[in-house]
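Only one structure is covered here, and it is reproduced in the block below.
Nothing in this text is a laboratory measurement; each read-out follows from the coordinates by a stated rule. Values in this document were obtained by computation on a predicted structure and should not be read as measured data. Every residue, glycine among them, receives a Cβ derived from its backbone with ideal geometry; neighbour counts consider all protein chains shown.
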Amino acid sequence: MAEDIHSRRTAKQAQDPVCKMIVDVEKAAARIEHGEHAHYFCSEKCKHEFEKNPKKYH
Ligand SMILES: [Zn+2]
Ligand SMILES: [Zn+2]
């Protein structure tokens, strides 16, 4: 499990696990709550890509 793709809720920026882009948490196009952390995405497209195969990104 890669710790760097898991962003704390207090973080201001996060890495999109799909395209590796750094996204501004408040401006992220999409988000997935994942227990204690969340994943942020630059676009719905990346979110869908993540949802298709979440294990690939963990
Ligand atoms: Zn996660
Ligand atoms: Zn992306």
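For V18, V25, the sequence from fewest to most other C-beta atoms within 10 Å is V25, V18.
Using the Karplus relation 6.51 cos²θ - 1.76 cosθ + 1.60 with θ = phi - 60°, the per-residue 3J(HN,Hα) values for the range 27-32 come to 10, 4, 6, 8, 8, 10 Hz, with x marking Gly and Pro.
Between M21 and Y57, full extension at 0.36 nm per residue minus the direct alpha carbon distance yields a gain of 11.6 nm.
Note that the range 41-51 has calculated 3J(HN,Hα) couplings of 10, 6, 7, 4, 4, 5, 4, 4, 4, 5, 5 Hz, one per residue in order, obtained from phi through the Karplus relation 6.51 cos²θ - 1.76 cosθ + 1.60 (θ = phi - 60°); glycine and proline are x.
Taking other C-beta atoms within 10 angstrom as a stand-in for reagent exposure, H6, H39, H34 fall in the order H34, H6, H39, fewest first.
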